[in-house]
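Here, each number is a calculation from the coordinates, and none is a lab measurement. A quick note: this is a predicted structure, and the numbers were derived from the prediction, not measured. Cβ placement follows ideal geometry from the backbone for every residue including glycine, while neighbour counts extend to all protein chains displayed.
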Amino acid sequence: MRKADETRFREFARETAQQLRRSAYLLCGDWHLADDLTQAALIKMYRAWPRITRTERPVSYARRTLVRCWLDERRRPWRRAERRDGQLPEEVPGGPDPATAAQHGDLRAELFDALSRIAPRQRAVLVLRFFESLSVAEAAEALGCSEGTVKSQTARGLAALKVVLGPEAAPAALRRNGE
Amino acid sequence: MSEQDVRDGLRAAVLTEPVLSFDPEALILRARQQVRRRRALAGAGAATIAVAVAAVAVPTVLGTPRGSDGGAVGAAPPPSQTSPPHPTPAITTLPWPPAGVTPVSYTADQLKVRGAEMRDHLRAAFPAAVPGVAQVAVQEFGGEASGAVEDGQGYLNSFVAFSLDGSRSAVYVATFAPGAGPEPFSECGDGCKVATMPDGSHVLTGKLFAGEGQWLLNVWHFRANGAVVQATGYNYDPTGAGPTLPVVPVTPEQLAALATDPKLGI
């Protein structure tokens with residue numbers, strides 16, 4: 001790769017790694033795996049970087065690659081029968097006070113339990129639409145599917161979340177974070 | 001539950017994220033090394049591919065003695081005099097999907113029909129590929145769960161559970177639409193072996209340690225049309241709770257017969 005391209009890639013990786021990792025975490029529910037998925041996606045991007053910068057928007061490509069890495073991970077045969085153990089990642093030393101952290105931990109457990117129960121593509125759509133704030137068209141581009149599929153998956157994902165969380169409990173549980 | 005509730009919940013979920021634990025510089029170094037290694041290996045192996053792979057690698061990779069019937073992979077031409085006595089792991093990277101492949105998208109209804117056809121086929125094809133099996137049960141083809149398919153899903157998978165010599169195990173069969181399959185070598189493991197078929201397709205064989213004494217024996221057929229069919233054997237029963245077996249009860253040749261079966265695939 002030319003030096004100029006590598007410099008651009010380095011800047012891109014620095015700028016996007018954290019956001020990619022957050023999305024990865026929301027997909028997989030594990031910060032360590034989120035690190036791995038982010039690295040895997042960026043390494044794939046490095047290999048194709050000159051082409052990506054000529055033909056695509058790198059951020060869109062990164063999102064698509066990340067989702068693909070995660071779906072690939074999910075498809076590994078020994079993962080299929082795997083069940084989540086519900087364990088939350090370790091908190092950051094020096095992070096929020098214990099009471100707040102405990103409350104967030106409860107909420108994250110509830111949310112991830114709900115997310116882990118819906119189909120992976122629906123989860124990906126919810127993360128892209130409501131965390132990454134992508135439009136329907138952008139989410140369709142990231143997932144490599146039609147806008148109609150994004151719309152239907154969004155509706156199904158929200159309905160599935162509502163079923164898992166419960167129609168009354170869901171808003172309260174999710175809103176408590178903003179209080 | 002509103003969309004705003006979901007937005008708030010997702011944002012709150014990452015509030016206490018750990019410090020980013022990887023260094024972009026190290027990542028670039030690792031990526032650069034991978035690119036160099038792939039180029040070097042591809043260059044070193046290119047000269048031997050044409051004469052060695054089709055003639056020698058296929059039967060040996062699949063564990064079949066030269067001159068014997070290779071099963072579903074087809075008859076290999078006789079080795080040329082310039083062929084090495086043992087196969088060289090010549091191919092270490094494959095551009096994937098092949099150039100010109102257009103991703104194929106199926107509806108859920110189409111996938112269900114195709115899944116049912118493959119399930120029926122496997123009921124007869126599996127005992128033919130793995131002689132001696134009993135109590136064969138082919139699960140419904142699906143995605144994240146047996147029978148679960150969605151519009152646009154690029155793959156179908158299933159387990160074939162069976163008994164062999166008194167032990168229970170299963171074979172995982174996954175079929176990927178053109179352009180939707182895994183990248184070659186991404187899951188193959190260190191001992192990955194590659195064979196090139198006469199039609200230009202590739203068979204990859206690899207063994208993966210799954211932990212706690214459990215192993216997976218994987219065979220992928222990366223087809224010329226960009227589709228992929230995977231057959232995986234286990235030394236345990238991934239569909240049940242039986243004991244871990246000393247060895248994977250199916251052989252690479254048997255898995256290759258399934259992976260290369262033209263009646264499996266989407």
Built amide H within the under 5 Å cut-off of B:Asn235, gap 5+: B:Trp215
Calc'd 3J(HN,Hα), the range B:131-142, phi into Karplus 6.51 cos²θ - 1.76 cosθ + 1.60 (θ = phi - 60°), Hz, glycine/Pro = x, comes to x, x, 6, 9, 6, 7, 10, 9, 5, 5, 5, x
Using Cα-Cα distances under 8 Å and only pairs 6 or more residues apart, what relative contact order does the range B:95-251 have, in percent? 20
Take B:Gln33 and B:Val19, extend 7 Å from each Cα along the Cα→Cβ direction, and tell me the distance between the two endpoints in nm. 2.3
If amide H atoms are built 1.01 Å from N in the plane of the peptide, which residues on other chains or at least 5 residues away come under 5 Å of the amide H of B:Tyr155? B:Ala177
What's the ranking of B:103-114, A:111-122 by average number of surrounding C-beta atoms within 10 Å, highest first? A:111-122, B:103-114
Separation of the B:Arg123 and B:Ala26 label points, Cα + 7 Å toward Cβ, nm: 5.4
Rounded, prolate or oblate: pick one for the range A:1-66, where a ≥ b ≥ c are the square roots of the eigenvalues of its C-alpha gyration tensor, a/c under 1.5 means rounded, and failing that, prolate if a/b is larger than b/c, else oblate. prolate
Using only atoms on other chains, find how many Cβ atoms lie within 10 Å of each Cβ of peptide B:23-34 and report the average. 5
